[in-house]
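Since the structure comes first, as structure tokens, the remarks are kept for the end.
Just so it is clear, none of the values below were taken in a lab; they were calculated from the coordinates. All of these numbers come straight from a predicted model, not from anything done at the bench. Cβ: placed from backbone, ideal geometry, glycine included. Neighbour counts: every protein chain shown.
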Amino acid sequence: MSSPKPQPTSKAIITATAVIDSQALLANYQQIKSLAPNSKILAVLKANGYGHGLARIAKLLANSLLIEENSVDAFGVARLDEALLLRTAGIVQPIVLLEGVFNQADLPVVAANNLHVVIHDKEQLNDLLNITPAKLLNKKIKIWLKIDTGMHRLGIASNDFDKCYQQLQLSINVDNPLTLMTHLACADDQKNGTTSKQLALFEQLTNQCNEPKSCANSAGICAWSTSHYDWVRPGLMLYGVSPLLNADNESSNSAQALSIKPVMTLQASIIALRQVNAGESVGYGASWTSDKKTTIGVIAIGYGDGYPRHAQNGTPVLVNGRIVPLVGRVSMDMITVDLGIQSTDNIGDITTLWGKGLPVEVIAKHASTIPYELLCNIKSRVQIILN
Ligand SMILES: *Cc1c(COP(=O)(O)O)cnc(C)c1O
């Protein structure tokens, strides 16, 4: 191995940093509104706001003058702790616990904090029906009744719907009207027949009910206008990422075609440069060997920041306006890229791992995963810059 070229060292180096584009977030919100103009929006923030920061994203959406009525209609989270964190952060909008509560003892906490709860099975239903109003401090709770229309994960069976619906309507613990909901299993695939079947069953079960209804996640919003109903529940597309299959190229399924923009741009600097000759290997396990003389750049991000360890050789990285390939194994704190023999890149140059100019959908494909997993894997040591 030859010794490294002398490099200017005056540039400030940044380690893994996620730049959060608040304008993009609000533009995506507007785009959702224009795709589903007659629906209210429940913004889904679970898993730390898909890695973007739970309270950070909630505050941006809760207080924006750019949003009609200056605020989002409601937020959705998966866990009670997430909802309480939002209340502590000063969020006053309705918050829906998308999986409901897991213990009857949590219901008084829900009532005290004005949370809405999903009821998805008979245990949760009975917990609510059987608790004495005094334990809830005589408060009624807003309920979203979830029906299983074919995903077979959460939701009461369609046969049980009528009975559960009536019991809830009559319960003194319920703040009527209910919201009726279901979740779509295959909405990301426009060719999959499951969605039409789910929507037909939902319609058949609920068409006599006057309550508000909700079916659509991001993919439903983009691809199934008959799923919109009264409330849409966008997660991924709020963050500017396409929820549809095969979104990693310039097809009509891409984020660009859907007119949404990435909210997170993940960046880090080059911290070292070296030349390798043909036949020399790079990184742990010597899993990549150069077939030519070239310049290797070492970038200050690794799986300890949430960059996927399974990203293959050839995964694109954006360096000074061009795409270069990841080479060698992803380490905890570093990755290595092939900058080419002509490289004029310097230590300190900021590279983009995903976001503006390099969709996370593309990186997910190279790492055999989905954008959801990459975003919510962002680790706490990653610096966040709010733009
Ligand atoms: C996570 C979740 C969503 C949002 O899904 P996206 O695909 O991210 O839009 C909507 N509804 C429910 C019930 C969820 O759990």
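Data table
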{"item": "Ratio Rg/Rh [Cα only; Rh per Kirkwood] for the range 239-387", "result": "0.97"}
{"item": "Using distinct alpha-carbon pairs, which all enter the 1/r mean, Kirkwood radius of the range 293-379 in Å", "result": "12.9"}
{"item": "Signed unit charges on C-beta, dipole axis of the chain, positive-most listed residue 83, 331, 113", "result": "331"}
{"item": "Spread of Cα-to-Cα distances over 10 Å intervals beginning at zero, given as percent, for the chain", "result": "5, 22, 27, 21, 13, 8, 3, 1"}
{"item": "Percentage, to the nearest whole number, of Cα pairs in the range 190-327 over 23 Å apart", "result": "55"}
{"item": "Approximate shape of the range 115-236 as ellipsoid semi-axes (Cα gyration tensor, √5λ), whole Å, largest first", "result": "28, 14, 12"}
{"item": "Relative contact order %, the range 160-293, counting alpha carbon pairs below 8 Å whose residues are six or more apart", "result": "15"}
{"item": "Spin-label pair residue 369/residue 383, simplified geometry with 7 Å Cα→Cβ offset, distance in nm", "result": "2.3"}
{"item": "Most positive-pole-ward Cα, 93, 47, 74, against dipole of the range 27-106 from beta carbon charges", "result": "47"}
